[in-house]
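*Asks:* If you scroll down you'll find the structure; I have some questions about it.
Laboratory data are not the source of any read-out in this text; all were calculated from the coordinates shown. Keep in mind it's a predicted model, so treat the numbers as computed, not measured. With ideal geometry, Cβ positions are generated from the backbone for all residues, glycine too; neighbour counts draw on all protein chains shown.
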Amino acid sequence: MSTNLSRRAFLGTTGLMAATLAACNNGGEGGGEGGGSSAAAGSVYWLNFKPELDETLQALAGTYTESTGVPVKVVTAASGTYNQTLIAEMDKSEAPTLFVIGNAAGVKEWGDHALDLKGSAIESELSTDAYNLYDEAGKLVSMGYCYECYGIVANTDLIEKAGHSVDDIKDFASLKTVVEDIHARAAELGFDAFVATDMDDSSNWRVTGHLANLEYYYEARDAGGWTECPAELKGTYMENYKNLYDLMINNSIVEPTALATGGHDPANQFTSGQAAFFLTGSWDYTGISAAQPNVKMLPYYCGVAGEEKAGLNCGTENCWAVNANASEENQKATMDFMVWLVSDPDASAKLVEQLGIMPYKNSAPSTNGFLNDAASYTDMGCYVLDWVTTYQPNVDQYRAALVSALNAYNADQSDANWEKVRTAFVDGWATQYKAANA
């Protein structure tokens with residue numbers, strides 16, 4: 001559900017950058033004699049994952065080569081063909097020095113081809129390690145260069161109009177207090193708490209994908225993190241999932257019994273000021289902020305112990321890896337280029353404009369308020385709820401069964417019907433895992 005993706009400055013000018021790189025090449029490992037562009041060593045070949053980024057990357061590559069003398073080639077794989085293109089390019093004598101390993105499956109397939117980035121100059125630029133991918137031995141295989149986020153979007157103006165402050169919402173108990181009070185006074189206030197949680201195909205991903213992530217995340221955290229899809233779920237945090245789900249559907253513009261067929265346009269309900277809360281992500285910021293400029297994204301508060309230190313659900317499949325089989329000169333040239341991309345004010349600003357945010361200390365700031373909310377939580381020491389939803393087995397079949405069970409529960413919120421939701425959520429995982437791995 002995304003197209004956007006931003007954050008911070010370091011080498012002040014291209015002249016200083018060139019001098020710095022030349023100094024690194026003089027007298028250092030693999031360095032040559034002389035100064036300026038004549039001292040440039042190595043080259044960069046980036047196999048780009050994002051077609052929409054190609055024009056920007058070609059321009060940045062040209063600027064970098066002109067400033068440093070280091071050749072930079074960018075090749076962009078066609079949409080949906082990255083892995084096939086990577087296989088073909090890695091077989092060539094001049095293989096990519098910079099490529100993408102974006103998930104656990106990619107780590108298994110390509111991890112041996114990736115340089116360990118621990119202790120590197122580019123790792124030191126990170127503002128968080130939340131988007132890094134490691135292999136089972138602990139090697140830092142790849143590093144996120146941008147990310148998206150989702151959570152509970154709150155209209156701060158409406159919340160204040162109801163006599164509350166968004167800053168007072170710090171856990172499930174405080175969220176529940178505000179939400180239930182607004183819903184109880186909806187007729188008086190002229191707006192309700194939550195938009196409709198529609199269960200048609202245009203919107204049910206909010207609860208079968210995004211909301212489900214809170215259960216997966218905490219269960220995975222208890223297990224020390226998942227590196228591959230588990231065969232079974234324990235369902236330890238199903239009650240927390242239920243807490244937030246019940247709060248949403250029972251304190252909404254639309255009655256729970258009317259959610260199955262959808263068609264209520266929750267985005268319009270929020271932007272038109274009919275409700276104060278909406279589950280969505282950073283990709284909706286531009287449209288939302290144009291209509292409602294005073295908005296903030298809150299974490300998925302659900303009653304888990306210690307959740308006052310929770311941040312937003314953040315993730316990416318855009319992760320840089322450096323070719324372990326490239327020459328040392330090319331590896332160094334590649335990492336110098338990466339550092340420039342995330343720390344030069346002009347270069348990082350151009351990337352942030354396209355990507356939304358970059359998790360690096362010196363990158364240009366984001367203009368996406370929801371991504372800035374995510375970064376603020378991280379800066380305050382809050383943990384990131386990683387996108388563990390990506391492990392869902394046989395995703396379409398799994399979610400369809402969950403939608404069916406949730407619709408039955410929406411129609412009749414009995415314990416027996418919630419048990420059917422739990423069965424679809426937990427037992428359904430095991431069933432689809434077996435089907436996917438038969």
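*Asks:* Below 15 angstrom from the Cβ of ALA88, what's the summed charge of the other residues (Lys, Arg +1; Asp, Glu -1)?
*Replies:* For residues surrounding ALA88, the net value is -3.
*Asks:* Karplus couplings for region 225-241 from phi (6.51 cos²θ - 1.76 cosθ + 1.60, θ = phi - 60°), rounded to Hz, Gly and Pro as x?
*Replies:* Computed from phi, the couplings for region 225-241 are x, 9, 10, 7, 5, x, 6, 9, 9, 8, x, 4, 10, 4, 5, 6, 4 Hz.
*Asks:* Taking the number of other C-beta atoms within 10 Å as the exposure measure, put GLU125, GLU89 in order starting with the fewest.
*Replies:* Lowest count first: GLU89, GLU125.
*Asks:* Can you list residues whose amide H is under 5 Å from ALA114's amide H, if they're 5+ apart or on another chain and H is modeled 1.01 Å from N?
*Replies:* For ALA114, the qualifying residues are ALA324.
*Asks:* Let me ask something else. May I ask you to compute the full-extension gain from ALA59 to ARG221, defined as 0.36 nm times their residue separation minus their alpha-carbon distance, rounded to one decimal in nm?
*Replies:* 54.2 nm
*Asks:* For ALA137 and ALA411 in one chain, what is 0.36 nm times their gap in residues minus the Cα-Cα distance, to one decimal in nm?
*Replies:* 93.8 nm
*Asks:* How big is the charge dipole of the chain about its Cα centre, in debye rounded to the nearest 20, if each Lys and Arg gets +1 on its Cβ and each Asp and Glu gets -1 on its Cβ?
*Replies:* The dipole of the chain has a size of about 160 debye.
*Asks:* Oh, and also: Can you give me the Cα centroid spacing of region 327-372 and region 71-131 in angstrom?
*Replies:* Centre-to-centre distance over Cα atoms comes out at 16 Å.
*Asks:* Right, another one. Towards the positive end of the charge dipole of the chain, with charges on Cβ (+1 Lys, Arg; -1 Asp, Glu), say which of LEU341, PHE370, TRP320 has the farthest Cα.
*Replies:* LEU341
*Asks:* Report Rg/Rh for region 226-337, rounded to two decimals, where Rg is the Cα radius of gyration and Rh the Kirkwood radius.
*Replies:* Expressed as Rg/Rh, it is 1.13.
*Asks:* Can you run phi through the Karplus equation (6.51, -1.76, 1.60; θ = phi - 60°) for region 161-178 and list ³J(HN,Hα) in whole Hz, with x for Gly and Pro?
*Replies:* Whole-Hz 3J(HN,Hα) from phi for region 161-178: 4, 7, x, 10, 10, 4, 5, 7, 8, 10, 6, 5, 4, 6, 4, 4, 4, 5.
*Asks:* Using a Förster radius of 45 Å, what is the FRET efficiency between ILE87 and ASN294 based on their Cβ-Cβ separation? Nearest 0.05, please. Walk me through the numbers on the way to the answer.
*Replies:* Working: r = 48 Å, r/R0 = 1.07.
Computed FRET efficiency for ILE87 and ASN294: 0.40.
*Asks:* Dipole of the chain (Lys/Arg Cβ +1, Asp/Glu Cβ -1, origin at the Cα centre): which of PHE277, ALA137, GLN432 lies farthest to the positive side?
*Replies:* ALA137
*Asks:* Further, regarding this structure: Specify whether the C-alpha gyration tensor of region 248-314 places it in the rounded, prolate or oblate class, a ≥ b ≥ c being the square roots of the eigenvalues: rounded for a/c under 1.5, otherwise prolate if a/b is larger than b/c and oblate if not.
*Replies:* Oblate, because a/c is 1.5 or more while a/b does not exceed b/c.
*Asks:* Once amide H atoms are built 1.01 Å from N in the peptide plane, which residues 5 or more positions from ALA275, or in another chain, come under 5 Å H to H?
*Replies:* Close amide H contacts, sequence-distant or interchain: ASP192.
*Asks:* Here's a follow-up. In what order do TYR64, TYR383, TYR237 fall by count of nearby beta-carbon atoms within 10 Å, going from fewest to most?
*Replies:* Arranged by neighbour count, lowest to highest, TYR64, TYR383, TYR237 become TYR383, TYR237, TYR64.
*Asks:* Would you mind ranking LYS92, LYS242 by Cβ crowding within 10 Å, fewest neighbours first? Please report the intermediate quantities before stating the final value.
*Replies:* Working: LYS92 9, LYS242 18.
By the 10 Å Cβ count, ascending, the order reads LYS92, LYS242.
*Asks:* By its C-alpha gyration tensor, with a ≥ b ≥ c as the square roots of the eigenvalues, how is region 265-399 shaped: rounded for a/c under 1.5, else prolate for a/b larger than b/c, else oblate?
*Replies:* Prolate, because a/c is 1.5 or more and a/b exceeds b/c.
*Asks:* Could you run the Karplus curve 6.51 cos²θ - 1.76 cosθ + 1.60 with θ = phi - 60° over region 271-288 and give me ³J(HN,Hα) per residue in whole Hz, x for Gly and Pro?
*Replies:* With the stated coefficients, region 271-288 comes to 5, 8, x, 7, 8, 9, 9, 7, 7, 7, x, 4, 5, 9, 4, 4, x, 5 Hz.
*Asks:* Relative contact order, percent, of region 108-212 when contacts are C-alpha pairs under 8 Å separated by at least 6 residues?
*Replies:* Relative contact order, region 108-212: 14 percent.
*Asks:* Any idea what the relative contact order of region 180-283 is, in percent, if you count C-alpha pairs under 8 Å spaced at least 6 apart?
*Replies:* Over region 180-283, the number comes to 46 percent.
*Asks:* Rounded, prolate or oblate, given the Cα gyration tensor of region 158-206, with a/c below 1.5 counting as rounded?
*Replies:* Oblate is the answer for region 158-206, as a/c is 1.5 or above yet b/c matches or exceeds a/b.
*Asks:* Additional query: Using Cα pairs closer than 8 Å and at least 6 residues apart in sequence, work out the relative contact order for region 305-429, in percent.
*Replies:* Taking the mean separation of contacting Cα pairs over the length of region 305-429, I get 26 percent.
*Asks:* In a shell of Cβ-Cβ distance under 13 Å around TYR285, excluding TYR285 itself, what net charge do Lys and Arg (+1) and Asp and Glu (-1) give?
*Replies:* Net of charged neighbours comes to -2.
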